[in-house]
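Read through the structure below, which is laid out as structure tokens, and then see the notes.
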Amino acid sequence: MPRCVRSTTRTLSLQRTSRNSSAKWWWTFCVATPRRSQADRSRSTRGSLIASARELFAERGYAAVPAGEIVRAAGVTRGALYHHFSDKDDLLRAVVEQIETEIAAEIAEDIQHIDDPWEAGLTALTTFLNTCLRPEVVQISLTDAPGVLGWHALREIEARHGLGLIIDTLDNAAAKGTLVAAPTPALAQLVLSTCIEAALLIAHADDSDAARSDVESALVALLSGLIAR
């Protein structure tokens, strides 16, 4: 075959190969690889901001972490922060909500197979008090949140995630005739307030482990008064 023909043949072959490779790459990019929706990207950005803030707040406390450091750690822009949250306080609120959601889920898992309401209540109490020893919970939920968001906001968050579990436990005890006669909703609110105060007492004690033990003993004695004799 003449040299010019061989050269032309190789050129055409390379062009076809190049076109095929380009077509394959384009198909893979556009069809085989699903593109994330705007909602997915938005959730990812919000999640990155919460995760980064949570880690930084736990390490150094809310006041010591500037917003700029959070956005750099999350790999997003400052505009993204203020698109998802009104300010840094609002981001803290989201972090606390996430922590409290996880604690409520942990308690629910621990008591899901316990039929006796009082045994379930004591198990829930033990799990809750154990979480109050975690450095992340102490710093964010029990130190930063009350100081930055205020007591009322903290109680609202706790109520959203913990009040339902308390009401369910008390309703179960009432149905089995083991709860003293009392309005369950009001009683549940008082139990919740007591647990929040117990958590704050543990968090700010000089010896948290000793405080946790004392608080549990006191709460068990207090709550035992709700058992119908």
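Peptides 40-48, 66-74, 53-61 ranked from most to least packed by the mean count of surrounding Cβ atoms within 10 Å: 53-61, 66-74, 40-48. In this simple spin-label model, placing a label point 7 Å from the Cα along the Cα-to-Cβ direction at both ARG43 and GLU97 gives a separation of 1.5 nm.
At a 10 angstrom cut-off on C-beta neighbours, averaged per residue, how do the peptides 209-219, 87-97 rank from highest to lowest?
Details: 209-219: 15.5, 87-97: 18.6.
By packing density, highest mean first, the sequence is 87-97, 209-219.
Every number here is computed from the coordinates shown, using simple stated rules; none is lab data. From a predicted model like this one, the values you see are computed outputs, not experimental measurements. FYI the Cβ positions are ideal-geometry reconstructions off the backbone, even for glycines, and counts take in every protein chain you see.
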